[in-house]
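The values are calculated or read from the model by the stated rules, or taken from the named source; none is laboratory data. This one's a predicted model, so the numbers in the text were calculated from it and none came from an experiment. Cβ: placed from backbone, ideal geometry, glycine included. Neighbour counts: every protein chain shown. Accessible surface is based on the protein model in full, side chains and every heavy atom, while ligands, DNA and RNA are left aside. Shrake-Rupley method; radii C 1.70, N 1.55, O 1.52, S 1.80 Å.
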Amino acid sequence: MRTQIGIIGAGPAGLFLSHLLHREGIESVVLESHTREYIESRVRAGVLEQGTTDLMMATGVGERMRREGLVHEGVEIRFGEGRHLRIDFKALTGRGIVVYAQQEVIKDLVAARMAAGGEIVFGAEAVAVEDVEGEKPRIRYRKDGVEHSIECDFIAGCDGFHGVARASVPEKVLAIYERVYPFGWLGILAQTRPASEELIYANHERGFALMSMRSPEVSRLYVQCSPEENLAEWPDARIWEELHLRLGLGERLKEGPVLQKNVAPMRSFVAEPMRFGKLFLAGDAAHIVPATGAKGLNMAVTDVRVLAKGLKEFYSKGRTDLLDRYSEICLRHCWKVQRFSWWMTSVLHRFPEDNAFDRRRQLAELDYLAGSRAAQQSLAENYVGLGVDGLDADGLDV
Ligand code: APR
Ligand code: PHB
């Protein structure tokens, strides 16, 4: 088999890339190790930056998101003894976010690719990428026990943190920057009306908590836990008790049947550069952020916007300058998002190594945020999404 762009992974990065390339008349094949049902039901985050929703609308995959997504113009932060503040995104930036589950974005993208005759090979596990520095880059993959190979002009490694693409780059080429946090998030999906119209982040003595949602009837709630927490030790009643204590919402937080429960570790990670020969890494394959602020999907979308535009310039004008700057442009943006995700995480969680000074400093930081428009504006502009230097200047023409 042969294609122009071989894409490994049908997460947000791989599917969005394939969709954007199709719009430019560039052909691609997406290889995905799991089934369609699996990727369409995997519970992940659910906050879309305005840049992401604008792109979905502009490229024809935003209609259901426009109807079903929940537009939010701010978030609430609770801390100390009963203090709370609201960050008013709309007033501070003129922009907002949309709460729409990642698996819904996946469903919309898969449907669009299928309708356009796009090729997504499910149950196809990439096992190696070869000759990315040579003339015939190819992906070797296994499907139903049989090995196949696909030859391409370029390969996009959109295969997540544990994929094969980054692992195939020689170790001496990659610089790894990493921080593993001493806690995780225990998340539940519950059949209950969200306690508030907007997200609520809480910094509490007992640890972080978050009230988010998926729809007017389904809440998504999290509590800080240990990174290797045993779910068996968290019966539903214990989770609700912690949520009540940490969120302090009283009667507003209504309990309901727990539909799903999971523990996610928290990590900051960047691999540089994001390009090796004709292999481009995008999304979680190149970088991971802790969940606070929900930047993972949005950053993956930024990467593939840059990549799609670079490939468009290459195929339409024979120019390689944008492709040559892919890694530099994405990393510059990525590091700013890393900084913000790290900051949100450090200001809202309890760190086991923190002493009484650190705790007071953390509360002072939130007190400062509560009283400073400048501090709120900084949070707001990062939360709704930063522009991409080197890309946005010439508009969203992908
Ligand atoms: N062969 C084929 N597919 C693979 C392989 C492989 N060897 N390894 C991984 N995959 C697939 C996974 O099954 C998954 O569907 O690649 C996909 C990677 O998707 P994501 O992990 O969602 O990564 P990405 O598209 O970069 O999106 C990043 O989505 O996963 C969230 O938290 C993440 O929000 C972040 C965003
Ligand atoms: C979510 O709804 O899953 C979510 C929301 C906000 C975050 C992280 C996750 O910061």
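Below, the figures for the structure above:
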quantity: Helix-only mean residue ellipticity at 222 nm for the chain, each DSSP H run of n ≥ 4 adding -39500 (n - 2.57), per residue, nearest 500; calculated: -11000 deg cm²/dmol
quantity: Residue (of 8, 170, 357) at the positive-pole extreme of the chain, dipole from beta-carbon charges; calculated: 357
quantity: Largest to smallest accessible area among 357, 276, 340 [probe 1.4 Å]; calculated: 357, 276, 340
quantity: Translational diffusion of region 49-128, µm² s⁻¹ [Kirkwood Rh, Cα pairs; Stokes-Einstein; 25 °C; 0.890 mPa s]; calculated: 160 µm²/s
quantity: At 1.567 mPa s and 4 °C, Stokes diffusion of region 95-142 via Kirkwood alpha-carbon radius, µm² per second; calculated: 93 µm²/s
quantity: Hull shadow area, averaged, region 288-349 [alpha-carbon convex hull, nm²]; calculated: 3.9 nm²
quantity: Nearest-10 value in Å² for the accessible area of residue 84, using the 1.4 Å probe; calculated: 110 Å²
quantity: Average projection area in nm² (convex hull over Cα atoms of the chain, one quarter of hull surface); calculated: 19.8 nm²
quantity: Protection-proxy order for peptides 125-137, 95-107, each taking the mean of Cβ atoms within 10 Å per residue, highest first; calculated: 95-107, 125-137
quantity: Prolate/oblate/rounded label for region 121-170 (Cα gyration tensor, a/c 1.5); calculated: oblate
quantity: Accessible-area ranking of 198, 228, largest first, probe 1.4 Å; calculated: 228, 198
quantity: Rel. contact order, % - alpha carbon contacts under 8 angstrom, at least six apart, the chain; calculated: 20 percent
quantity: Cβ-based net charge around residue 73, under 11 Å, with every Lys or Arg adding one and every Asp or Glu removing one; calculated: 0
quantity: Under the Debye formula (equal points on every Cα, no solvent term), log10 I(q)/I(0) of region 119-257 at q = 0.12, 0.13 Å⁻¹; calculated: -0.73, -0.77
quantity: Descending semi-axes in whole angstrom, ellipsoid equivalent of region 316-398, from the Cα gyration tensor; calculated: 37, 16, 7
quantity: Rounded tilt (10° steps) of 373-384 against the dominant C-alpha axis of the chain; calculated: 40 degrees
quantity: Mean Cβ count within 10 Å, highest first, over the residues of peptides 113-122, 236-245, 214-223; calculated: 214-223, 236-245, 113-122
quantity: Ratio of Rg to Rh over region 223-305 (Cα coordinates, Kirkwood Rh, two decimals); calculated: 1.13
quantity: Residues of type aspartates and glutamates that residue 317 reaches as a straight line, Cα spacing below 13 Å, ignoring anything fewer than 8 places off in the same chain; calculated: 24
quantity: Angle in degrees between helix 296-317 and the longest Cα principal axis of the chain, rounded to the nearest 10; calculated: 20 degrees
quantity: Isotropically averaged projected area of region 55-206, using the convex hull of Cα atoms (one quarter of hull area), nm²; calculated: 15.1 nm²
quantity: Relative counts (whole %) of C-alpha pair distances in region 334-373, using bins that are 10 Å wide; calculated: 27, 48, 24, 1
quantity: Share of alpha-carbon pairs per 10 Å distance bin for region 177-288, given as whole %; calculated: 14, 39, 26, 15, 6, 1
quantity: Debye intensity ratio I(q)/I(0), log10, region 31-76, q values 0.15, 0.20, 0.21, 0.25 Å⁻¹ (C-alpha model); calculated: -0.55, -0.86, -0.90, -1.03
quantity: Rg/Rg_globular for region 145-215, with Rg_globular taken as 2.2 N^0.38 Å and Rg from C-alpha atoms; calculated: 1.85
quantity: Packing-based order for 14-21, 289-296, using average beta carbon neighbours within 10 Å, highest first; calculated: 14-21, 289-296
quantity: Rg over Rh, two decimals, region 258-306 (C-alpha only, Kirkwood Rh); calculated: 1.08
quantity: Per residue convex hull volume, Cα atoms of region 1-79, in Å³; calculated: 137 Å³
quantity: Cα centroid separation - region 1-74 against region 129-174, whole Å; calculated: 21 Å
